[in-house]
Amino acid sequence: MNSTSLSDPLPYPNNTPNSIRIRGAKQHNLKNIDLELPRDRLIVFTGVSGSGKSSLAFDTIFAEGQRRYVESLSAYARQFLGQLDKPDVDAIEGLSPAISIDQKSTSHNPRSTVGTVTEIYDYLRLLFGRAGQPHCPICDRNIAPQTIDEMCDRIMELPDRTKFMILAPVVRGKKGTHRKLLSSLASQGFVRVRVNSEVFELSENIELDKNYTHTIEIVIDRLIKKPGMEERLADSLGTCLKQSSGIAVIEVLDDTSDKVSASRSNNKYISTDPKIARSGDKNVAENSDTSYEVETENLEASSISSQLVFSENFACPEHGAVMEELSPRLFSFNSPFGACSRCHGLGHLKTFSPELVIPDLTQPVYTAITPWSEKDNTYYLSLLHSVSQAFGFEITTPWNHLTPEQQKILLYGSEEPILIETDSRYRENKGYYRPYIGVIPLLQRQYEETASELQKQKLEQYLIDQPCEDCQGKRLKSEALAVRVGQYQINQLTEVSIRDCLDRINQLNLTERQAKIAELVLREIKARLQFLLDVGLDYLTLARTASTLSGGEAQRIRLATQIGAGLTGVLYVLDEPSIGLHQRDNHKLLNTLIKLRDLGNTLIVVEHDEETIRAADHLVDIGPGAGVHGGEIVAQGNIDVLLKSETSLTGAYLSGRLKIATPANRRTGNGKSIKLSNATRNNLNHITVEIPLGKLVSITGVSGSGKSTLMNELLYPALQHHFTRKVPFPKDLKTVEGLDALDKVIVIDQSPIGRTPRSNPATYTGVFDIIREVFTATIEAKARGYKAGQFSFNVKGGRCEACGGQGVNIIEMNFLPDVYVQCEVCKGARYNRETLQAKYKGYSIADVLNMPVETALEVFENIPRAASRLQTLVDVGLGYIQLGQPAPTLSGGEAQRVKLASELSKRATGKTLYLIDEPTTGLSFYDVHQLLNVLQRLVDKGNSILVIEHNLDVIRCADWVIDLGPEGGDKGGELIAEGTPEDIAKNNKSYTGIYLKGVLGLPVEAK
């Protein structure tokens, strides 16, 4: 279908390079469309789910831009790139280099963090590597290398006639008589030493107690400060540094005595000057070590003595903590030079959790240890029996009746050998003595030594990430963590929210030299942090692992990174960047998109958000329906064209011709509820939440306020623990009351219904089993003696063996992507010829798999079991998908609705709780309407639904709302309001309530 002309003329004339022209796009369900898009504009593709938006934006426009770039590379480079097929399009002209920012590009690398993805951490490493001030990891003293000239200059700042000694520490806090050392010093020509703060002649007989620690310093020179002494002073310092491995101590004497007899062990030396450590004179214990710390007072000529401590190395004068010269690699947890040596920069270690190994404490010992109870192996039973005999309990004793000591021995072993009994016909003795290792060490050893991937996968369910004991989860060596810029270490900037990180960067106390070095780096860091604030991610931390981000968060981070890159003339293709974003932060995202456009880029955004649609420079509505009913350009131009279009469902909802009605009455529920007390995980601040049952309940709040933590990390594990006892009760939750009112919990998320092309909607919903039974009952099948397995493409018998029932063969190509070729034997039908001869109403089993769901409903309308399941797929708006459509080709929203349809087709118990996380992701106004109808049907059957949602249509149709906030991250985690949507709208502290005021009882387009 040809596109309509632009109703809102743009400054660019047609048929110029200032537009992108698509001719004959036929990818997936696109119906040979022609389209012209203006460049350097914010373009929004909208339409119902499955209408062809992503097919046009990603699989046609972006894929062609990507393919053209890859074709310009060498054959050697192309072999390392993914499969890039040519889109089914006649021509695309005026195409710019394309960058895709979608939701599927989240890194699963545990080393990838928000800081590394945005490159902010690279700039922080540069800042600390060039402008950082090292400190001792033990005593936190400033440390820095100094030259002899710098030491001389500092000493010459002392008042004239000041008396001082130059001391070379050779022994610090070590036990022994040290006779050989003292004799060696005398033979080298040295005259005096200071032992434990008291000066002795080396000609004396110095007796030291070998049971006490001693500090010995060589008296290199005794001088009086006066002009012209620089040469002698430099020579003496050189000798001192050579004898003491780079440390020189200047002891300033008082004005009243030339003798040095003050007791000074255990002195404290403190200085803000990074190159000098000073000491005040203090009373100390006899024979204790001299410690050097930094002192804040300025050194003055006075009646008390003091010390200056110099070092020519990056080393602490007291503890000898040596640091290499500062460089950015020292602060990289992905480099061996900076990563913690124990966890190798991951910040955590995988260890077996006692709570997961023994989830149910009421079970007897022999079944309580889950990994061993699942094994059909008498060895572990015999081992437990031997341990029980040695430590005085029975293996039938419930775990919680054992003493703490017995539990500890079972888990972590015992040092003393015990008799481990064996039952062997080949050995006379019935056992052997050996220390019992313990359940946890045995599992750890088995996990490390096994070569079986299956065995490793079984054991991994009992592993948890435990913070590394050496770095406390900070990923870096102690030397790197001891470096400061201003008043902050690098982890003190990455572990706080981005909002607080920017505040700390702005408040850095820098010296003039540091400020000059850091000027450009700080400017870049501040700009990139501001970009993250602009897209509503102020609650994240730079240390947050990238794999824990939601799809929307990851996409907005990449969006902020692209703004930081400052590219122009680029075509950006985005997939619903507003996902997971609260209405309050929508304007931030829009401003970011506009900023990216104003840099001279073209943005194509696939979006369903009303605010984004209204802010677009150019709109393209694709439809009118989904699947085979879509693939056409319904309307394009400005917002007025869309609102006036009679065939556009999007325009109908935006203009108010169609609307989602607010329920006249809210359900009262069944009078029961679930109460979570004192929830404290992540940012939840000791909140107590009551969730009424028999209602549609929505959890709301700004991004990062704690919604997912409450539902997915606390409530769901608590329910699993209640029903299965295979999951430990969450530690950060005090109690959960009211679970007896439920009989099961079901999570309906947007994860794929299957990982392989063999999985499809027909197999997932179970309707394919019924269809195979129908085909088994046909006359042809009975005559041939076919069973139901004959009509399965997963097992031998009826499937085509040439392609293994896949319908295609994969051909590997050197230097080129793999090619998928239709099977020459079955022609893509998946089955052999004999199986295809069995037909129902003229359709073979292959024909049925290729049917849209709505067609299949007509074919099987006389088969009640099949018709009911197919009807639920139509009810959730999936009548357009094929029954046999491979699972990986379904979008997240489609996969979620297949799961909902599967649940709808089951017989309701009225005691089921459904947990759904943002079900409107990827759904248009029309699809949200259909989804709400399905959710209301589930609740009408007596079930309960708890849904996390930002969509105002879902929130206003809920029976009960729980609003968290007020902000995200460390400023969230509070219960702001709870009640009906009307109650929330009346609460002025609730951001959700502010936006609910505008939609309750008003047309859908009202704001």
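The values are calculated or read from the model by the stated rules, or taken from the named source; none is laboratory data. Just so we're clear, the structure is a prediction, and the values are computed from it rather than from any experiment. Don't worry about glycine lacking a Cβ; one is built from the backbone with ideal geometry, like all the others, and counts go over all protein chains shown. To get the accessible areas, we keep the full protein, side chains included, count just its heavy atoms, and leave off ligands, DNA and RNA. Shrake-Rupley method; radii C 1.70, N 1.55, O 1.52, S 1.80 Å.
The condition of being under 21 Å from ASP953 (Cα atoms), touching a helix residue (DSSP H, G or I) at 6+ places or on another chain (Cβ under 9 Å), assigned to a helix (DSSP H, G or I) and not assigned by the TED database to the domain that holds LEU878 holds for only one of ILE594, ILE579, ILE613, that being ILE613.
Taking each residue of region 758-776 that is over 21 Å from LYS839 (Cβ atoms) and looking for partners that are among the aromatic types (Phe, Trp, Tyr) with beta-carbon atoms closer than 8 Å, six or more apart or interchain, yields ARG758/PHE793. Exactly one residue among GLN882, GLN871 is polar (S, T, N, Q), open to solvent by 40 Å² or more (accessible area, probe 1.4 Å) and in contact with a Pro (Cβ under 7 Å, 6 or more places away or on another chain), and that residue is GLN882.
Per this entry, ILE962 is not counted among residues that are closer than 25 Å to GLY694 by Cα, assigned to a helix (DSSP H, G or I) and not aromatic (Phe, Trp, Tyr).
With respect to the conditions (1) touching a residue at least 60 places away in the same chain (Cβ under 8 Å); (2) not in a loop (DSSP other than H, G, I, E, B), LYS782 lacks only one, and its number is (1).
Of the numbered criteria (1) under 19 Å from LEU938 (Cβ atoms); (2) surrounded by fewer than 17 Cβ atoms within 10 Å (Cβ to Cβ), the one LEU719 fails is (2). Within the option set GLU974, GLU949, being assigned by the TED database to the domain that holds SER677, touching a Pro at 6+ places or on another chain (Cβ under 8 Å), closer than 28 Å to GLY893 by Cβ and at pLDDT 90 or above holds for one residue only, GLU949. A residue that is touching a Pro at 6+ places or on another chain (Cβ under 8 Å), open to solvent by 40 Å² or more (accessible area, probe 1.4 Å) and of a type in the set (S, T, N, Q) can be found somewhere in region 801-810. Please verify whether ASP149 is without any contact (Cβ under 8 Å) to a residue 24 or more places away in the chain and either touching a Gly at 6+ places or on another chain (Cβ under 8 Å) or open to solvent by 50 Å² or more (accessible area, probe 1.4 Å) (or both), treating the condition exactly as stated. In short, no.
When the residues of region 758-785 are filtered to those that are open to solvent by 70 Å² or more (accessible area, probe 1.4 Å) and aliphatic (A, V, I, L, M), the one that is nearest to SER868 (Cα to Cα) is ILE779.
Residue under question is VAL848, and the condition is that it be open to solvent by less than 30 Å² (accessible area, probe 1.4 Å), closer than 24 Å to PRO888 by Cβ and over 39 Å from the mean Cα position of the chain (by Cα); does it hold? Answer is yes for this residue. Against the conditions (1) hydrophobic (A, V, I, L, M, F, W, C); (2) free of Cβ contacts under 8 Å to residues at least 40 places away in the same chain; (3) open to solvent by 40 Å² or more (accessible area, probe 1.4 Å), ALA788 satisfies every one except (3). Only residues that are in contact with a strand residue (DSSP E or B) (Cβ under 9 Å, 6 or more places away or on another chain), open to solvent by 20 Å² or more (accessible area, probe 1.4 Å) and over 21 Å from LYS174 (Cβ atoms) were counted in region 230-245, giving 3.
Listed by first and then second residue, the pairs linking a residue in region 125-137 that is open to solvent by less than 10 Å² (accessible area, probe 1.4 Å) to a residue that is aromatic (Phe, Trp, Tyr), with Cβ atoms under 7 Å apart and 6 or more places separating them unless they lie on different chains, are PHE128/PHE331; GLY129/PHE331; PRO134/PHE314. Every condition in (1) surrounded by 13 or more Cβ atoms within 10 Å (Cβ to Cβ); (2) out of contact with any strand residue (DSSP E or B) (no Cβ under 9 Å at 6 or more places or on another chain) holds for GLY842 except the one numbered (1).
Of all residues being in a loop (DSSP other than H, G, I, E, B) and touching a helix residue (DSSP H, G or I) at 6+ places or on another chain (Cβ under 8 Å) in region 191-207, which is most open to solvent (accessible area, probe 1.4 Å)? Just the residue, please. The qualifying residue most open to solvent (accessible area, probe 1.4 Å) is SER203. Selection of helices (runs of 4 or more DSSP H) fully inside region 1-97 by the criterion of at least 2 residues being within 30 Å of ALA652 (Cβ to Cβ) and modelled with pLDDT of 95 or more returns nothing.
Residues that are open to solvent by 30 Å² or more (accessible area, probe 1.4 Å) number at least 3 in the following helices (runs of 4 or more DSSP H) confined to region 387-484: 404-412, 439-449, 453-460.
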